[in-house]
Each structure stands twice: as structure tokens, then as C-alpha cells.
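K.L.:
My structure is below; once you've seen it, I'll send some questions.
The values are calculated or read from the model by the stated rules, or taken from the named source; none is laboratory data. This is a predicted model, so every value here is computed, not measured. Note that each Cβ is placed from the backbone with ideal geometry, even for glycine, and that neighbours are counted across all protein chains shown. Just the protein is used for accessible areas: all its heavy atoms, side chains included, with ligands, DNA and RNA removed. Shrake-Rupley method; radii C 1.70, N 1.55, O 1.52, S 1.80 Å.
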Amino acid sequence: MVYILILLIFAFLIVFFMWRTANQNKVYYQEFSFEQFPSSFGELKVFFISDIHKREISNKIIDEVKGKVDIVIIGGDLTEKGVPQKRVEENIKKLKGLGPTYFVWGNNDYEGDYHWLDATLLQYGIKILDNTSVIFESEKGDLVSLVGIDYLGFQKDKLDLALSDSIEGSFRILVSHHPGIIKKIKESDSIPLILSGHTHGGQIRFLWFGPYEKGGIKKHGNSLLFTSNGYGTSLVPLRLGAKPETHVITIKHKTYK
């Protein structure tokens with residue numbers, strides 16, 4: 001009986017630790033420098049958040065990031081089935097308060113009333129990048145294309161269409177909820193940086209093992225793929241070995257100081 005009690009206490013402590021981990025609020029700072037990035041932009045600072053799911057974005061994160069970024073990118077799975085619309089709307093308002101905001105669809109965004117989500121994003125002036133792009137121009141006329149694709153796993157992604165909506169010769173940043181888009185990218189597409197999420201870094205990992213790789217940076221040809229562990233959780237509100245992440249990403253020219 002004593003051994004059973006000890007096991008139960010141990011199991012409770014493990015689950016509590018995983019729950020605490022899943023509810024951490026951390027901003028990670030990442031810097032990328034590229035020879036192709038126009039120096040006339042100086043630095044482009046991006047707040048990147050993916051896989052929010054059921055979570056309410058902490059004011060701690062918003063306060064830390066406010067005034068430090070140029071744009072916000074939501075990398076999909078802003079919500080999922082069963083999340084109260086009021087919570088989703090509050091999260092949208094918080095993110096929009098940080099600066100111009102851009103969104104790509106994730107698989108779980110389609111679970112609920114995605115027509116309501118689409119309308120709400122538009123209501124708050126958030127640009128939905130569904131196989132489209134938006135162009136930024138510096139005072140010297142240099143161009144950056146932010147390209148977003150719809151969810152790859154549902155065959156909604158149209159990379160060729162999205163790229164055709166950008167400007168050839170501009171510095172391209174591609175946002176795809178699913179990192180598997182890397183398999184469709186050719187060197188001739190000229191995409192130096194890809195931002196993605198979806199995998200949660202495996203969410204629950206034992207030692208080095210998990211259902212997916214941990215988030216991080218991978219080089220693929222001429223492209224860098226940056227995959228976030230994401231902010232929320234799927235199925236169970238627990239994490240182990242894959243802490244939640246949000247990111248301030250600084251993009252600059254290689255020689256820019």
C-alpha cells in the first residue's frame with residue numbers, strides 16, 4: 001500500500017511538472033542575417049507565435065514585446081474546436097496591439113467556425129496570407145515579400161500561386177504552418193527564410209525521443225527553416241522536454257551592425 005501511495009505521489013508530481021511546463025510564458029530572441037536582405041531596411045523585427053490553441057496569451061509576453069517589433073506573424077492554429085470565441089478574439093486584439101499582424105491557416109483553425117475566424121481576423125485588420133503575399137518597400141525602393149500559404153496537410157497550399165503574388169528579386173520570407181513545405185521548395189524559388197510550427201516540438205518527449213523533432217533551425221539548400229515548438233498544446237495540456245515558445249526574430253543584412 002505504501003508503494004502504491006509513493007507511485008501515485010510521484011505520478012502526480014510528474015503530471016504537475018508537465019502542466020507547469022506547458023503553461024510557461026517565454027519569449028526567445030533569434031537573429032538571422034542574410035547577404036540577400038536589403039541593408040536599407042536596417043533590421044526587420046518580427047514577433048512570431050504559432051499553435052496557440054486553447055491558451056490565453058499572457059500579458060507578460062505582450063508587455064515584454066510591445067514596442068520592440070515591426071510586425072506580428074501568427075503561424076497557424078490560433079484556435080481549435082471548443083475554444084470560446086471570446087478568448088480567441090481577446091488573443092487577436094492583444095497581438096494586433098503589437099503592430100501590423102499577418103496570419104496563415106493551420107489545421108486546427110478549420111475545426112471550429114472558420115468562417116467566424118476569417119471574419120474576425122478581417123474585422124481587426126489582420127492580413128490573412130492564404131497563398132498570397134504582402135510587399136514591404138524601403139525608402140530606397142528595396143523590397144521584402146512576406147509570403148504565406150494555406151495548410152499543406154489539406155492540400156490547400158498553392159506555393160506557386162503565393163510566389164507569383166510576390167515580386168521576383170525581393171527578399172522572400174515564407175510562412176507555412178506545416179514545416180513539410182520544405183520538401184516542395186526549389187532553390188530557384190529563392191526563399192532564404194521559412195517560418196513554421198505545427199509539431200509542438202513533439203510536445204511530450206522522453207529523453208531524446210518524441211513524435212516530432214524539437215523546434216529549431218534547419219538548412220535546406222539555399223533556405224533556412226525555422227520551426228517553433230509553439231505556444232499551446234494539443235490533446236492534453238502537458239509538455240515534457242519541449243517547452244512552449246514565442247519568438248522575437250530579427251532579420252538583417254549580413255554586414256549590418
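K.L.:
Using a 1.4 angstrom probe, figure out how much accessible area the chain has per residue, in square angstrom, rounded to the nearest whole.
P.N.:
On a per-residue basis, the chain sits at 51 Å².
K.L.:
Tell me which of Ser138, Ile128, Thr21 sits at the most positive position along the dipole axis of the chain, charges placed on C-beta atoms (Lys, Arg +1; Asp, Glu -1).
P.N.:
Thr21
K.L.:
A further question on this structure: Once Rh is set to the Kirkwood radius over Cα pairs, what Stokes-Einstein translational diffusion coefficient, in µm²/s, holds for segment 34-100 at a temperature of 25 °C and a viscosity of 0.890 mPa s?
P.N.:
The diffusion coefficient I find is 186 µm²/s.
K.L.:
Moving on. Identify which of Ile74, Ile185, Ile14 has the largest mean-square fluctuation in a Gaussian network model of the chain, with springs joining Cα atoms closer than 10 Å.
P.N.:
Largest GNM mean-square fluctuation: Ile14.
K.L.:
Return P(r) of segment 135-212 (all Cα-Cα pairs; 10 Å bins starting at 0; whole %; ordered from short to long distances).
P.N.:
P(r) over segment 135-212, rounded to whole percents: 17, 43, 25, 12, 3, 0.
K.L.:
Would you mind telling me which residue in Ala119, Ala11, Ala242 has the biggest mean-square fluctuation in a Gaussian network model of the chain, where springs connect alpha carbons within a distance under 10 angstrom?
P.N.:
Result: Ala11 has the largest fluctuation of those listed.
K.L.:
Compute the FRET efficiency between Ile135 and Glu64 as 1/(1 + (r/R0)^6), taking r as their Cβ-Cβ distance and R0 = 41 Å, and round to the nearest 0.05.
P.N.:
That gives a FRET efficiency of 0.90.
K.L.:
Find the relative contact order for the chain and round it to a whole percent, using C-alpha pairs within less than 8 Å whose residues are 6+ positions apart.
P.N.:
Dividing the mean separation by the residue count of the chain yields 27 percent.
K.L.:
State, to one decimal in nm, how far the label point of Glu168 lies from the label point of Lys86, with both points 7 Å from Cα in the Cβ direction.
P.N.:
5.3 nm
K.L.:
OK, next. Kindly provide the helix-only [θ] at 222 nm of the chain, computed as the sum of -39,500 (n - 2.57) over DSSP H runs of four or more divided by all residues, to the nearest 500 deg cm²/dmol?
P.N.:
Taking each H run of at least 4 residues, the total per residue is -6500 deg cm²/dmol.
K.L.:
Chymotrypsin sites (Phe, Trp or Tyr not before Pro), restricted to segment 185-254: which are DSSP loop and have at most 12 other Cβ atoms within 10 Å?
P.N.:
In loop regions of segment 185-254 (DSSP not H, G, I, E or B), the sparsely surrounded chymotrypsin sites (Phe, Trp or Tyr not before Pro) are Trp208.
K.L.:
Against the longest alpha carbon principal axis of the chain, how many degrees, from 0 to 90 and to the nearest 10, is the axis of helix 85-96 turned?
P.N.:
50 degrees
K.L.:
A further question follows. Among Pro179, Leu95, Phe209, pick out the residue whose Cα is farthest towards the positive end of the charge dipole of the chain, where Lys and Arg carry +1 and Asp and Glu carry -1 on C-beta, about the Cα centre.
P.N.:
Selected residue: Phe209.
K.L.:
Give the percent of DSSP beta bridges with both residues in the chain that are antiparallel, rounded to the nearest 5.
P.N.:
40 percent
K.L.:
Sticking with this structure for a sec: Given a 10 angstrom Cα cut-off, can you work out which residue in Thr132, Thr101, Thr120 is the most mobile in a GNM of the chain?
P.N.:
Thr120
K.L.:
Remind me, what semi-axes does segment 113-153 give for its equivalent ellipsoid, largest first in whole Å, using sqrt of 5 times each Cα gyration tensor eigenvalue?
P.N.:
So the three semi-axes of segment 113-153 are 26, 14, 4 Å.
K.L.:
Counting Lys and Arg as +1 and Asp and Glu as -1, what is the net charge of the other residues whose Cβ lies under 13 Å from the Cβ of Ile204?
P.N.:
+4
K.L.:
Moving on. Show me the chymotrypsin sites (Phe, Trp or Tyr not before Pro) within segment 23-93 that DSSP assigns to loop and that have at most 15 other Cβ atoms within 10 Å of their Cβ.
P.N.:
Here no loop site has a sparse enough neighbourhood.
K.L.:
Now a separate question. Wrap a convex hull around the Cα atoms of segment 128-257, take a quarter of its surface area, and give that in square nanometres.
P.N.:
Mean projected area of the Cα convex hull: 9.5 nm².
K.L.:
Given that compact globular proteins tend to follow 2.2 N^0.38 Å, what is the ratio of the alpha-carbon Rg of the chain to that value?
P.N.:
Cα-based Rg divided by the globular estimate yields 1.04.
K.L.:
Another question about this same structure. How far apart, in nanometres, would the label points at Gln30 and Ile9 be if each is projected 7 angstrom from Cα along the Cα-to-Cβ direction?
P.N.:
If labels sit at Gln30 and Ile9, their model points lie 4.1 nm apart.
K.L.:
Compute, for segment 128-231, the length of the dipole vector about the Cα centre, with Cβ point charges of +1 (Lys, Arg) and -1 (Asp, Glu) only. Units Debye, rounded to 20.
P.N.:
The calculated dipole for segment 128-231 is roughly 580 debye.
K.L.:
Are there any GluC sites (Glu not before Pro) in segment 162-257 that are in a DSSP loop and have at most 10 other Cβ atoms within 10 Å? List them by number.
P.N.:
Here the sparse-neighbourhood loop sites are Glu168.
K.L.:
Report the Cα centroid-to-centroid distance between segment 165-192 and segment 26-102 in angstrom, as an integer.
P.N.:
Cα centroid to Cα centroid, the span is 20 Å.
K.L.:
If you build the convex hull over the alpha carbons only and average its shadow over all orientations, what do you get for segment 182-257? Give it in nm² to one decimal.
P.N.:
Result: a mean projected hull area of 6.6 nm².
K.L.:
Still on this model: With each label point set 7 Å from Cα along the Cα-Cβ vector, what nm distance links Lys184 and Phe17?
P.N.:
Result: 4.1 nm between the two label points.
K.L.:
For segment 21-166, what is the convex hull volume of the alpha-carbon atoms per residue, in Å³?
P.N.:
That works out to 130 Å³ per residue.
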